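Enquirer: Structure in structure tokens, see below.
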Amino acid sequence: MNPNLFTRRELLRNSIPVLGGGSVGRAADRDGQVGSESHDVVRTGRQRRYPVRPDGKIAVDGFVKPAWERLKQIIDGTNHAPLKLLIDTHWHWDHTDNNAAFHGVGAGILAHEKTKKRLTESHAFMGMRFSPAPADALPTQTFKDTNRMQANGETLELGYIPAAHTDSDIYVRYQEADVLHCGDVFFNHAYPFIDAQTGGSINGMIAGAEKLLKMADNNTKIVSGHGPLVDKTALANYHEVLVIARDRVQKPKSSEGIEEVVTARPLSEFDADWGKGFMNAEPFLTVVYNTL
Ligand SMILES: [Zn+2]
């Protein structure tokens, strides 16, 4: 996808969550309430509890280069705490394209070790060619399974989700603010894109959604990689559709080719609604088929 094809609305919708001395993300005010006017920003910090000197802002996913000025404006607009850290939820360019820009204003970059590995490689991806990222765009800190940190009165827990949307996915959980950032393991009310070329799979997506569901309760604010802030019900619905898709493709796969499976429209009752996003039924069924 050409970055210039992102509309302004889409650009804003995909803004980043930041935790900091006042936090930005997608859709909530500083006390963690979801705002009605915008779904661009989540403030996960607990400002009233902050000491005089907050630890610094923490952002999750930096989106694409054309979004940088707007994102910086949002981040700077929260307060004067320094921008401390950017967390990449996975290697895809629409989540890591501003790594160097964040780095350039003093932020460290934290990601799963496979995000760093993927960023050092060349990739052919959806008709685009990606060269290895320059050194200043690479994560400065990586982890393998989990990572916990304290910042600004919050506890952040990061954890690996194996072989799901890619092989580099993580979740980010803000424990006190009760916000769960799922990265692209969760596409709200849409067939997800699964990047089989870099280790994604339908069963990994299902296992990932199950893992995320266990971490959420009815009050948890859930951030998907793309789309508005939602709650646990939306994540549960998404998990259910993934399981149905897997089960309806798995059975005929033993005797039928991909063309027959797609032609049979096994997800016909969902296609109009769930296929109108980034993926329609055919590419989704194809990647489900190919990764089973
Ligand atoms: Zn992605």
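Enquirer: Provide a single number: the residues in the stretch 168-187 that are within 12 Å of the ligand (Cβ to nearest atom) and over 14 Å from residue 60 (Cα atoms).
Expert: Of the residues in the stretch 168-187, 4 are within 12 Å of the ligand (Cβ to nearest atom) and over 14 Å from residue 60 (Cα atoms).
Enquirer: Next up: Name the residues in the stretch 212-240 that are β-branched (Val, Ile, Thr) and either assigned to a loop (DSSP other than H, G, I, E, B) or surrounded by fewer than 20 Cβ atoms within 10 Å (Cβ to Cβ) (or both), would you?
Expert: Passing the criteria: 220, 233.
Enquirer: Need pairs with beta-carbon distance below 6 Å; first residue within 19 Å of residue 139 (Cα to Cα) and within the stretch 155-171, second within 14 Å of the ligand (Cβ to nearest atom) and among the aromatic types (Phe, Trp, Tyr); sequence gap 6+ or separate chains.
Expert: Partner pairs satisfying both residue conditions: 159/171; 168/91.
Enquirer: Among the residues of the stretch 137-151, is any touching a Leu at 6+ places or on another chain (Cβ under 9 Å), crowded, with 24+ Cβ neighbours inside 10 Å, within 30 Å of residue 218 (Cβ to Cβ) and among the aliphatic types (A, V, I, L, M)?
Expert: No, because not a single residue in the stretch 137-151 is touching a Leu at 6+ places or on another chain (Cβ under 9 Å), crowded, with 24+ Cβ neighbours inside 10 Å, within 30 Å of residue 218 (Cβ to Cβ) and among the aliphatic types (A, V, I, L, M).
Enquirer: Here's something else I'd like to know. Going by the structure shown, is residue 206 closer than 22 Å to residue 277 by Cβ and in a loop (DSSP other than H, G, I, E, B)?
Expert: Here the answer is no, as residue 206 does not meet what is asked.
Enquirer: Residue 107 passes all but one of (1) crowded, with 20+ Cβ neighbours inside 10 Å; (2) farther than 30 Å from residue 76 by Cβ; which number fails?
Expert: Only one criterion is unmet by residue 107, namely (2).
Enquirer: Mind checking which residues of the stretch 255-292 are within 28 Å of residue 162 (Cα to Cα), part of a helix (DSSP H, G or I) and polar (S, T, N, Q)?
Expert: Matches in the stretch 255-292: 286, 290, 291.
Enquirer: For the stretch 37-96, how many residues meet the condition of being at pLDDT below 65 and either surrounded by fewer than 20 Cβ atoms within 10 Å (Cβ to Cβ) or within 15 Å of the chain's Cα centre (by Cα) (or both)?
Expert: Total satisfying the criteria: 14.
Enquirer: Can you confirm whether residue 193 is in contact (Cβ under 8 Å) with a residue 24 or more places away in the chain, within 23 Å of residue 274 (Cα to Cα), surrounded by fewer than 24 Cβ atoms within 10 Å (Cβ to Cβ) and within 14 Å of the ligand (Cβ to nearest atom)?
Expert: When the stated conditions are applied, residue 193 passes them.
Enquirer: Turning to a different aspect of this structure: Can you say whether residue 208 is in contact (Cβ under 8 Å) with a residue 60 or more places away in the chain and within 16 Å of the ligand (Cβ to nearest atom), as far as the supplied structure shows?
Expert: Criteria not met by residue 208.
The values are calculated or read from the model by the stated rules, or taken from the named source; none is laboratory data. Everything numeric here is computed off the predicted structure, so don't read it as measured data. All Cβ positions, glycine included, derive from the backbone under ideal geometry; neighbour counts span all protein chains shown.
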